[in-house]
Amino acid sequence: MRLKTSKTCPFGHLYSYVGTRMKDASSGIGVERLEREPLFDVVAVKLDAFWVATSTVTAAVAGVLGWLLRTWPPHEDEALALFVGRGSLGHVLHTVVAERGGAPLHFLLAWMVVHVGGGLIVLRVVSLLFAVASVPLIAMLGARLADRPTGVVASALAGGSWVFLFHGIFGRMYSLFLFTSLLSLLALLTALDNGRPRRFAAWGLSLLVVLGSHPYAVLLVAAEVLFVLLRRRQLRPALVTLAAVAVAAVPFWWADVVLRNRFEVGIGGGGRRLGSPQSVLRYLWSVAGDFSSHEHVWSLCLLGLAAVGALLLVRRNRDGALLIACVIVVPAVAFMLATLRSTTSPEARHLIFALPLYSILLALPLVAFARLGGAAAAVAGVALVVIVVGEVRWAHEKTPQLFDGNPASQVRTRDAAATWLSSTARSDDVLLGYEPVFLRAWEQNRSFSDTVLPRADPALFADALKHVRLPLGRGIWVFDASDTTNVRQRQTIPLVSPQPAAAFETRVYGPYLVIRSRAPLLTRARYVAVAERVMRVGQTLNINDADVNLQTMRQAESRL
């Protein structure tokens with residue numbers, strides 16, 4: 001068979017097969033045996049430019065994330081996942097679904113990391129893999145909603161954003177949330193186009209996976225439901241699928257209820273709360289900035305570019321524009337209806353599923369302008385580079401430690417503190433908070449205590465303390481003068497001991513003050529009394545966590 005090829009199509013359609021039934025995003029890398037010519041007997045390998053470009057972007061993103069993997073300092077949330085993962089599988093699921101709430105798949109992956117002998121770096125590698133795997137999915141989604149060149153450009157724009165770079169290596173699994181969100185969007189579009197039962201089954205499975213990835217996935221699922229209802233095609237199989245998902249996802253709904261009982265939704269530390277159009281618009285403005293660049297004039301330009309992209313998409317693909325509108329409108333309405341009493345603020349990461357769609361809107365005008373040819377294509381290429389550089393620049397400004405890490409001296413002192421704790425540990429030691437020092441101590445000594453009392457949640461603190469077997473062991477506390485939550489970050493901290501000093505072992509390692517009771521504390525009441533004394537020391541040293549912890553303990557006393 002002689003295949004017609006077009007060598008003059010715009011970027012993304014180079015060597016595309018004209019007249020065949022192969023779809024843009026599914027054609028892949030073609031290896032076709034051409035008709036033998038008189039002078040040649042070869043197999044011509046023609047690489048699909050879409051996949052070559054997508055692979056190039058993916059490789060570049062993987063390289064950058066690999067470079068950042070060890071730079072970002074260890075975080076309390078990563079320690080939390082790994083310490084919870086130290087238990088049995090049943091214990092992990094019970095903790096997540098019945099006690100803490102949250103994302104079961106995140107903790108399941110952390111459990112797997114722990115039980116194959118991994119630690120922080122392996123957990124981050126898992127996050128990195130999901131982030132890298134998301135890049136081609138972004139390109140495929142762009143190809144489905146617009147065209148192949150737009151998909152490639154969108155993947156580059158998304159890959160350079162702060163939200164992507166930071167959560168691509170952060171072991172909190174927001175990259176898992178992004179990956180599963182993309183799967184669900186692609187599965188939805190395929191099911192609605194194809195209409196076969198197995199396609200709807202695949203969409204249903206993808207919804208279950210994304211619901212298990214993060215509590216905020218309910219916003220994406222609601223947006224997809226709204227899209228299906230407004231589109232008014234394939235309604236019956238879609239509704240049957242959604243009904244099955246609603247039943248199968250009962251454990252996830254329960255975990256979400258548990259989490260909502262612990263936290264309420266708000267915006268901005270101490271500022272106006274969500275619940276009004278103005279506060280929601282400010283939040284969405286902040287999200288758009290973290291999806292690209294948060295510098296004021298630059299953000300306005302990019303938002304204008306996205307608006308042009310939305311107009312282009314309405315002209316080309318009304319269904320695609322409708323889907324993006326649903327993904328924007330549903331969270332906005334949900335946040336306006338949110339409870340106002342709140343201590344927890346949604347951030348850009350909670351809407352990470354919208355990142356690919358925003359990037360597609362940014363990419364559309366660039367690709368359309370490039371198609372004018374000549375100088376226009378060069379200008380569009382330069383604009384793309386400038387935008388990506390601006391994104392990376394904002395990422396560095398927002399989170400310098402992502403690129404610069406901790407000072408080498410702090411890394412050494414953290415390791416030294418962990419070495420002292422791990423070498424003198426007892427299995428019944430009681431730890432406060434999922435401190436990075438504790439995480440490092442566990443990596444050095446796998447038998448290090450796994451009895452950790454959570455911070456900042458009186459109910460969870462009291463419940464965890466009630467479940468610690470009596471008599472209680474020694475109490476261990478760590479203050480970090482370099483913590484970014486402190487008003488002033490320092491690389492040193494004074495050696496100050498609670499009173500009576502003879503009852504405590506107190507050591508300083510750079511910015512870390514490690515305090516341990518010399519004797520077991522035996523009872524819960526005594527633990528709280530001693531811990532409050534220790535927290536008052538932290539207050540005198542201007543440690544922000546000490547204020548939070550002391551308030552938590554005082555509120556928890558009535559629950560014990």
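The values are calculated or read from the model by the stated rules, or taken from the named source; none is laboratory data. Source: prediction; values computed, not measured. Reconstructed Cβ throughout: ideal geometry from the backbone, glycine too, with neighbour counts over all protein chains shown.
Annotations for the structure displayed:
- The residues listed here are Gly373, Gly309, Gly320; of these, the one that is assigned by TED's automatic domain parsing to the domain that holds Leu141 and exposed (fewer than 14 other Cβ atoms within 10 Å of the Cβ) is Gly373.
- Meets criteria (over 18 Å from Ser292 (Cβ atoms), modelled with pLDDT under 95 and out of contact with any Lys or Arg (no Cβ under 9 Å at 6 or more places or on another chain)) for Val333: yes
- Taking the criterion of being crowded, with 18+ Cβ neighbours inside 10 Å and part of a helix (DSSP H, G or I), the residues of the range 395-407 that qualify are Ala395, Leu402.
- Of all residues making up the range 173-205, the number that are at pLDDT 95 or above and farther than 20 Å from Arg233 by Cα: 11
- Ala502 vs. criteria part of a helix (DSSP H, G or I), of a type outside the set (Lys, Arg) and over 23 Å from Ala556 (Cβ atoms): yes
- Residue that is touching a Leu at 6+ places or on another chain (Cβ under 8 Å), closer than 19 Å to Phe438 by Cα and surrounded by 15 or more Cβ atoms within 10 Å (Cβ to Cβ), where the choices are Val508, Val534: Val508
- Residues that are in contact with a strand residue (DSSP E or B) (Cβ under 7 Å, 6 or more places away or on another chain) and under 15 Å from Gln499 (Cβ atoms) within the range 517-535 comprise Ser517, Arg518, Val530, Ala531, Val534, listed in sequence order.
- Residues of the range 519-557 satisfying the condition of being in contact with a Phe, Trp or Tyr (Cβ under 6 Å, 6 or more places away or on another chain) and either part of a helix (DSSP H, G or I) or of a type in the set (Ser, Thr, Tyr) (or both): Val534, Gly538, Thr552, Ala556
One line per residue, one yes/no per condition, for (1) of a type in the set (Val, Ile, Thr); (2) crowded, with 21+ Cβ neighbours inside 10 Å; (3) assigned to a helix (DSSP H, G or I):
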residue: Ile121; (1), (2), (3): yes, no, yes
residue: Leu128; (1), (2), (3): no, yes, yes
residue: Ser134; (1), (2), (3): no, yes, yes
residue: Val163; (1), (2), (3): yes, yes, yes
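- Number of the condition not met by Arg236 [criteria: (1) charged (D, E, K, R); (2) at pLDDT 90 or above; (3) outside any helix (DSSP H, G or I)]: (3)
- Test: Gly117 is assigned to a loop (DSSP other than H, G, I, E, B), in contact with a Ser or Thr (Cβ under 9 Å, 6 or more places away or on another chain) and of a type in the set (Gly, Ala, Ser): no
- Selected residue [part of a helix (DSSP H, G or I) and free of Cβ contacts under 8 Å to residues at least 60 places away in the same chain] from Ala354, Ala334, Ala321: Ala321
- Test: Val228 is at pLDDT 95 or above, surrounded by 13 or more Cβ atoms within 10 Å (Cβ to Cβ), touching a Leu at 6+ places or on another chain (Cβ under 8 Å) and assigned by TED's automatic domain parsing to the domain that holds Ala307: yes
- Just one of the listed residues (Val437, Val385, Val379, Val392) is crowded, with 19+ Cβ neighbours inside 10 Å and β-branched (Val, Ile, Thr), and it is Val437.
- In a residue-by-residue description of the range 146-155, the property of being acidic (Asp, Glu) and not in a helix (DSSP H, G or I) applies to at least one position.
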